[in-house]
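Okay, so here's the structure we're looking at.
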Amino acid sequence: MRQRLAVGNWKMHGNLPDNLALLDKVAVAAGGLSRAVVAVCVPFPYLAQAQSALTGSKAAWGAQNVSQHRKGAFTGEVSAGMLREFGCRYVLVGHSERRQLFGENDATVALKTAAVLSAGMTPIVCVGETLAEREAGITEEVVGRQLGVVADGIRAEGLQVSILAYEPVWAIGTGKTATPQQAQAVHAYLRDFLGRRDTALAASMPILYGGSVKAANAAELFGMRDVDGGLIGGAALVAEEFIAICQAADG
Ligand code: PGA
């Protein structure tokens with residue numbers, strides 16, 4: 001049976017007191033789940049706080065970005081080794097905001113994925129099409145290309161411990177969620193794409209859906225055959241919403 005996950009992506013939100021209240025609630029809620037893994041990907045400065053609040057709980061934490069470089073003169077960058085020191089289990093790579101606003105391309109995403117793996121953490125590789133790409137009928141071509149470059153750039157053992165997230169760009173932060181059928185269709189395509197390389201890998205790879213997941217739509221989305229949980233932005237900042245989504249992922 002594939003792993004089920006609910007991963008919060010806080011983006012650039014938070015402050016120390018609000019975070020603490022939220023982290024404490026997430027820690028308690030994670031303890032009540034039977035199979036879903038819960039994690040929060042927080043801004044870099046809050047990693048120490050997440051580590052201290054969640055250590056000893058069943059909730060994990062992670063980062064939203066990483067440098068592809070190991071160390072050196074890269075002002076403002078943060079290496080995978082540094083994230084590891086703060087106990088991160090997960091690192092988001094290739095989020096559409098990184099691609100669109102910070103110029104990350106498929107090759108950068110592949111390098112970052114490899115950096116996360118070599119530091120012993122789990123990359124959550126994000127792929128997704130824009131509205132224009134969907135309307136042009138090239139969704140599969142786009143997500144296949146994004147995934148293909150990463151899959152080519154890392155070793156098979158790396159892919160086996162990675163997680164994939166399908167996040168249609170038009171659904172992120174817009175309140176416009178993909179229908180369960182739309183999500184399922186792309187998830188099935190991604191699994192099939194992986195299956196052409198390795199059937200066991202395709203069967204075991206968790207594929208998360210992200211894009212306006214809420215307590216109200218999570219169960220229906222996560223009930224689809226190839227949807228193994230969610231990557232949650234806005235709703236991950238509201239304890240009750242996020243906890244309900246985690247429970248939906250737990251099935
Ligand atoms: P959203 O963001 O849930 O606010 O749409 C999801 C994401 O960007 O990971």
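The values are calculated or read from the model by the stated rules, or taken from the named source; none is laboratory data. Quick caveat, the model's predicted, so the values are computed rather than measured. Neighbour counts are summed over all protein chains in view; Cβ atoms, including those assigned to glycine, are modelled from backbone coordinates with ideal geometry. Note: accessible area is taken over every heavy atom of the protein model, side chains too, but ligands, DNA and RNA are not part of it. Shrake-Rupley method; radii C 1.70, N 1.55, O 1.52, S 1.80 Å.
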ask   = Which order do peptides 213-221, 176-184, 15-23 fall in by mean Cβ count within 10 Å, highest first?
value = 213-221, 176-184, 15-23
note = Relative contact order as a percentage, region 99-206, C-alpha pairs under 8 Å and 6+ apart, gives 29 percent
query = Just how many % of Cα pairs in region 75-147 lie over 18 Å apart, if you round to the nearest whole percent?
reply = 44 percent
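Out of the DSSP beta bridges found with both residues in the chain, what percent are antiparallel (nearest 5)? Write down the numbers at each step before the final one.
Values: 0 of 27 bridges.
Counting only bridges with both partners in the chain, antiparallel ones make up about 0 percent.
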Heavy-atom surface of the chain, accessible at 1.4 Å and reported per residue (Å²) = 43 Å²
ask   = In whole angstrom, how far apart do the alpha carbon centroids of region 114-160 and region 169-189 sit?
value = 16 Å
note = Summing -39500 (n - 2.57) over every DSSP H run of at least 4 residues in the chain and dividing by its residue count gives a helix-only mean residue ellipticity at 222 nm, to the nearest 500 deg cm²/dmol, of -13500 deg cm²/dmol
query = Which helices count as membrane-span-like in the chain under these terms: full DSSP H, at least 24 Å along the axis by C-alpha, Kyte-Doolittle mean of 1.6 or more?
reply = none
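Mind running the shape call on region 124-180? Use the C-alpha gyration tensor, a ≥ b ≥ c as the square roots of the eigenvalues: rounded below 1.5 for a/c, prolate if a/b tops b/c, oblate otherwise. Numbers along the way, then the final one.
On the way: a/c = 3.29, a/b = 1.76, b/c = 1.87.
It is oblate, given that a/c is not under 1.5 and a/b is not larger than b/c.
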query = Can you give me the relative contact order of region 50-133 as a percent, contacts being Cα pairs under 8 Å and 6 or more apart?
reply = 31 percent
inquiry  = Leaving out ligands, DNA and RNA, and with a 1.4 Å probe, what % of the accessible surface on region 132-251 is carbon or sulfur?
reply    = 53 percent
ask   = In the chain, what is the count of Lys pairs whose alpha carbons are under 27 Å apart, counting only pairs at least 8 residues apart or on separate chains?
value = 12
